[in-house]
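First up is the structure itself, then whatever we jot down about it.
Since every read-out is calculated from the coordinates, none of them should be taken as a lab result. Remember, it's a predicted structure, so these values are computed and weren't measured experimentally. A quick note on method: Cβ atoms are made from the backbone with ideal geometry, for glycine too, and the neighbour counts reach across all protein chains shown.
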Amino acid sequence: MLNAFHLRWLAVWLLRVALAFSFLSAVADRFGLWGQFGSGVAWGDFARFTAYTAQLLWFLPPSLVSPAAILSTAAEVVVAGGLLVGWRLHWWAFAAAALLLSFALAMTGALGVKAPTDYSVWTAAAAAFLLGVVALPEHGGDASHQFS
C-alpha cells in the first residue's frame, strides 16, 4: 500500500518528468525532430521558431530576436536537465516556473490570454511553482537527493 511519503515522492517524480519532457519536446520541435511544419508540429525548424519569437517579443529590436530564441532554447534544455537530475530540485523548479511565467506573459501580451491558456502555460507555471514549494527543505523536501 502506498503511504503519504510514497505518494508524495511519486507525484514529485511525475511532475519533474512531465515538465522536463515538455521543455525537451518543444526544443525537439524547433529542430524538426517531431517532423515538418504542417504535420502536427508547432514549428518544425528553428527559423519558424525564431519568427514566432519575434511575434512574441515584438518590442525587441530585430537584432535581438535570434539571440532571444537561442537563449530561451538553451534555458529550456538546462532547466529540463536540472529537473531530471533532481539535485537542488527546488531551485530548478522555481527556474522552470519563472521561465514558464515569462513565456505566459509574452504570449498574453502578444497574442492575448487565449493562446497561453489553450497551451496550458499558466497551468505548467503554477505546477512548477508548486513543485518548488514542495521540494523546499522546510516543507519536507531534501535539497539534494530525496526526490531523485
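Below are the figures for this structure:
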item	result
The range 14-118: trypsin sites (Lys or Arg not before Pro) falling in loop per DSSP and having at most 15 other Cβ within 10 Å	Arg88
11 Å beta-carbon shell around Phe46, net charge (K/R +1, D/E -1)	0
Full-stretch length increase - Val85, Ser63 - with 0.36 nm per residue and alpha-carbon distance subtracted	4.5 nm
Pair Val77, Phe21: separation of 7 Å Cα→Cβ label points (nm)	2.1
Percent of C-alpha pairs per 5 Å bin, the range 17-139, short to long	2, 12, 18, 22, 22, 14, 7, 3, 1, 0
Simple Cβ-charge dipole of the chain, Lys/Arg +1 and Asp/Glu -1, about Cα centre, in debye nearest 20	40
Residue with peak Gaussian network fluctuation, the chain [Cα springs, cutoff 10 Å], from Leu99, Leu64, Leu24	Leu64
Span-like helix ranges in the chain, DSSP H, alpha carbon extent 20 angstrom or more, Kyte mean at least 0.0	4-30, 62-85, 89-111, 121-135
Most fluctuating residue given options Leu14, Leu100, Leu57, as computed from a GNM of the chain linking Cα atoms under 10 Å	Leu14
Point-to-point label distance, Arg48-Trp34, nm (Cα→Cβ direction, 7 Å offset)	1.0
Packing-based exposure ordering (other Cβ within 10 Å, fewest first) of Phe129, Phe103	Phe129, Phe103
